[in-house]
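Working notes for the structure below.
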Amino acid sequence: MTDQNGTILVVDDDDLICQLLRDLLSRHGLSVIVALDGFEALKALTSEQIDVVLTDVNMPGMNGIVLMEEIKKLAPDLPVIVMTGWGTEDIAVKALQGGAFNFCRKPFNVHEIVRIVKKGLEVKRLSDKQREVLPFIELNLSFDIPSDVRYIRSIIWHIYQMSKQLGFPEKEFNLRVKLAIDEALCNSIRHGNKEDINKKVKIEVQISPEKLRFKISDEGEGFDVSAIPDPKDPENLNNEGGRGVLLMAYYMDKIEYNEKGTEVILTKYANSDTEDKKQHAAQTQGSIRE
Amino acid sequence: MEIITKENIVSIVELNGELDNESAEELRINVEDLISNGKVNIILNFNELSYSNSAGLRELIALYKLANSKGGDLRLCSLQPQLEDLFSFTNLKKVFNIYPTEEDAVASFE
């Protein structure tokens, strides 16, 4: 690597250590931002473009391991280097298991710390380079499964892994998409194909960082969604079933059924503020209430 | 899903993991077993439950009705935000007695 520029976030409650690291890393052409605790560090991460985090473990308020866990939620690919004291190998192992890029011991060997930071920068650049192409990728997956609900967990897992890899927001997937696919597949298997193991359910998935689209078709006689009693009606609250379709509409941005009732197309956008999404959400809610 | 049952003034069932098509059946077997042994006042502790689909909700309603039919009750506690949202949106908060903590749920039976 020829270009060594980059911004390092140094987190340590010891002002002197921060100053020392700032001087050291600046001499190697790196920009340094200092935070004296974990909360300040998290604030810096949301306002600054950080390439590598170098954090102490023992800090009051939020220790370095907890800080690293918080950073991983915000920026999973950001290399975090943990500074531990001598004789605290167990903490170093814990940090590595939690996703730390590397660790270095205090008091520092200056050559070692510079080497590890530069390696972290290299990894960050590589990961940024790989991410450049993400907006242009669309992945198409297809499953053709027998009508058995036991396959649902694995299918969701595969779709989740691919979505994560392409940068579709994990939180959006786990909180909303997962339940909607679960319900749609369950409907096709149980109500569409009546769990006839000889009948198949076809799942076609388009995955991009911006959007997930699922087309789920069964070989049943057709399923009239409008015939389902409103499960939110006080009269129907004690009914055991009938909530799957409602949940699909609630958690996805767009739902389309074919006329025969054997196919459903579910769409979820990564950015929930798109106009397209708002329009379709309004339409979907309307059609469910009719 | 892991299910742990504790005996108290009431039976407390701790649900761990996800409530879906497969684990809903496991829950039914456990709770039906309690009810058939006369333990009709049951608390389901959702503290470690991160997910439920409609098959899970269906099973909860069926078990709630079963406990009621035997003169008991099935109450819930410690819902995580995602499940709070699910119970609010489906109006199931109007069906179940839901408590913030296990202690509150136990106290409700006293």
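The values are calculated or read from the model by the stated rules, or taken from the named source; none is laboratory data. Since the structure is predicted, the reported quantities are computational estimates derived from the model, not experimental observations. Cβ sites come from the backbone with ideal geometry, for glycine too, and all protein chains shown count toward neighbours. Heavy atoms of the whole protein, side chains included, go into the accessibility calculation; ligands, DNA and RNA do not. Shrake-Rupley method; radii C 1.70, N 1.55, O 1.52, S 1.80 Å.
Can you work out the Karplus-derived ³J(HN,Hα) for every residue in the stretch A:109-125? Use 6.51 cos²θ - 1.76 cosθ + 1.60 with θ = phi - 60°, whole Hz, and x for glycine or proline.
The phi angles translate into 9, 4, 5, 5, 5, 5, 4, 5, 5, 5, 5, x, 4, 4, 5, 5, 5 Hz.
Shape verdict for the stretch A:7-132, please, from the Cα gyration tensor: rounded (a/c under 1.5), prolate (a/b greater than b/c) or oblate.
Values: a/c = 1.24, a/b = 1.13, b/c = 1.10.
Rounded is the answer for the stretch A:7-132, as its axis ratio a/c remains below 1.5.
What percent does the relative contact order of the stretch A:118-275 come to when contacts are Cα pairs within less than 8 Å and at least six residues apart?
25 percent
Quick one: accessible area per residue over the stretch A:7-132, 1.4 Å probe, rounded to a whole number of Å²? Don't skip to the answer; put the middle values down first.
Numbers: 6490 Å² over 126 residues.
The answer is 51 Å² per residue.
Just going by the charge dipole of the stretch A:7-132, with Lys and Arg at +1 and Asp and Glu at -1 on Cβ, which of A:28, A:104, A:126 is farthest out on the positive end?
With unit charges placed on the Cβ atoms, the residue in question is A:126.
Among A:136, A:187, A:157, pick out the residue whose Cα is farthest towards the positive end of the charge dipole of the stretch A:83-200, where Lys and Arg carry +1 and Asp and Glu carry -1 on C-beta, about the Cα centre.
So the residue furthest toward the plus end is A:136.
Whose amide H sits under 5 Å from the amide H of residue B:47, counting only residues 5 or more places off or on another chain, with H placed in the peptide plane?
B:15
State the percentage of accessible surface on the protein assembly as shown attributable to carbon and sulfur atoms; use a 1.4 Å probe and exclude ligands, DNA and RNA. Spell out each step's value before the answer.
Numbers: 9390 of 19720 Å².
That share works out to 48 percent.
May I have the count of lysine pairs in the stretch B:7-95 with C-alpha atoms under 20 Å apart, counting pairs 8 or more residues apart or located on different chains?
Working: B:39/B:65; B:39/B:70; B:65/B:93; B:65/B:94.
Total qualifying Lys-Lys pairs in the stretch B:7-95 comes to 4.
With runs of 4+ DSSP H residues as the only contributors, calculate the mean residue ellipticity of the protein assembly as shown at 222 nm using -39,500 (n - 2.57) per run, divided by the residue total and rounded to the nearest 500. Please report the intermediate quantities before stating the final value.
Numbers: 13 runs with 160 residues, N = 400.
After summing the helix terms and dividing by the residues of the protein assembly as shown, the value is -12500 deg cm²/dmol.
Going down the table (A:171/A:194; A:178/A:254; A:202/A:268; A:73/A:106; A:164/A:215), which pairs top 23 Å between alpha carbons?
On the way: A:171/A:194 32 Å; A:178/A:254 15 Å; A:202/A:268 19 Å; A:73/A:106 27 Å; A:164/A:215 19 Å.
Flagged as over cut-off: A:171/A:194; A:73/A:106.
To make sure I understand the rule: partners must be aspartates and glutamates, Cα under 16 Å from the Cα of residue A:232, and not fewer than 8 residues away in the same chain. Which ones qualify?
Qualifying aspartates and glutamates at Cα under 16 Å: A:240, A:290, B:84, B:85.
Run the dipole for chain A about the Cα centre, Lys and Arg Cβ at +1, Asp and Glu Cβ at -1, nothing else charged, and hand back the magnitude in debye, nearest 20.
Details: 37 positive and 47 negative charges, 126 e Å.
Around 600 debye, computed over chain A.
Using the Cα gyration tensor of the stretch B:2-109, with a ≥ b ≥ c the square roots of its eigenvalues, what is the shape: rounded (a/c below 1.5), prolate (a/b larger than b/c) or oblate (neither)? Each step should come with its number before you reach the end.
Details: a/c = 1.39, a/b = 1.21, b/c = 1.14.
Rounded, since a/c falls under 1.5.
Output the relative contact order of chain B, whole-number percent, from Cα pairs under 8 angstrom with separation of 6+ residues.
Working: 178 pairs, mean separation 29.4, N = 110.
In percent, rounded to a whole number, it is 27.
How big is the gap, in Å, between the Cα center of the stretch A:197-212 and the Cα center of the stretch A:7-47?
Spelled out, the Cα-based centre of one part sits 46 Å from the other.
Can you give me the relative contact order of chain A as a percent, contacts being Cα pairs under 8 Å and 6 or more apart?
Numbers: 481 pairs, mean separation 34.9, N = 290.
12 percent.
Treating only the Cβ atoms of Lys and Arg (+1) and Asp and Glu (-1) as charged, compute the dipole magnitude of chain B about its Cα centre; round to the nearest 20 debye. Let's see the in-between values first.
On the way: 9 positive and 19 negative charges, 115 e Å.
About 560 debye.
Where does helix A:15-26 land angle-wise versus the long Cα axis of chain A, in degrees 0 to 90, nearest 10?
For helix A:15-26, the angle is close to 90 degrees.
Between the helical axis of A:64-74 and the dominant principal axis of chain A, each derived from Cα atoms, what acute angle in degrees is found, rounded to the nearest 10?
Approximately 40 degrees, to the nearest 10.
Based on DSSP, what percent of beta bridges with both residues in the protein assembly as shown are antiparallel, to the nearest 5?
Details: 31 of 64 bridges.
Bridges in the protein assembly as shown are about 50 percent antiparallel.
Contour minus end-to-end for residue A:158 and residue A:258, with contour as 0.36 nm per residue of separation and end-to-end as the Cα-Cα distance?
Values: separation 100, 0.36 × 100 = 36.00 nm, distance 2.58 nm.
Working it through step by step, the gained length comes to 33.4 nm.
Estimate for me the total accessible surface buried between chains A and B (protein heavy atoms, probe 1.4 Å, no ligands or nucleic acids), in Å² to the nearest 100.
Numbers: alone 16220 and 5800 Å², together 19720 Å².
It comes to approximately 2300 Å² buried between A and B.
Test of understanding: in a Gaussian network model of chain B with alpha carbons linked when under 10 Å, which of B:33, B:20, B:73 would top the mean-square fluctuation ranking?
It is B:33.
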